[in-house]
Amino acid sequence: MIELVGSSPVSWDEAAKNAIAKASETLRDLRIAEVSAMDIHLKDGKIEFYRTKVTLSFKFDA
């Protein structure tokens with residue numbers, strides 16, 4: 001299992017999708033993604049971007 005953080009200016013959902021998409025570029029056989037935390041970065045009192053922390057499991061071939 002690995003832990004990743006994705007970000008998006010649109011939503012937490014999009015941030016999670018971005019994290020999973022990035023992981024799928026180098027990892028094979030992704031299994032389960034679990035959202036473990038969400039936060040929002042603010043700039044001048046406005047939402048700059050959303051972040052989603054995802055724990056991702058995958059099959060490891062040794």
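The numbers here are math on the coordinates, done by the rules we state, and not lab data. Because the structure is predicted, anything quoted here is derived from the model rather than measured. As a convention, Cβ positions derive from the backbone with ideal geometry for all residues, glycine included, and neighbour counts pool all protein chains shown.
Please report the net charge: other residues with Cβ closer than 15 Å to the Cβ of Thr52, K and R +1, D and E -1.
-2
For the chain, how big is Rg over Rh, using alpha carbon atoms and the Kirkwood form of Rh?
Checking Rg against Rh, the ratio lands at 1.07.
For Lys17, which lysines qualify as cross-link partners when the Cα separation must be under 21 Å and same-chain residues fewer than eight apart are set aside?
Lys53, Lys59
According to a simple spin-label model (label point 7 Å from Cα along Cα-to-Cβ), what is the distance in nm between Glu48 and Phe60?
3.5 nm
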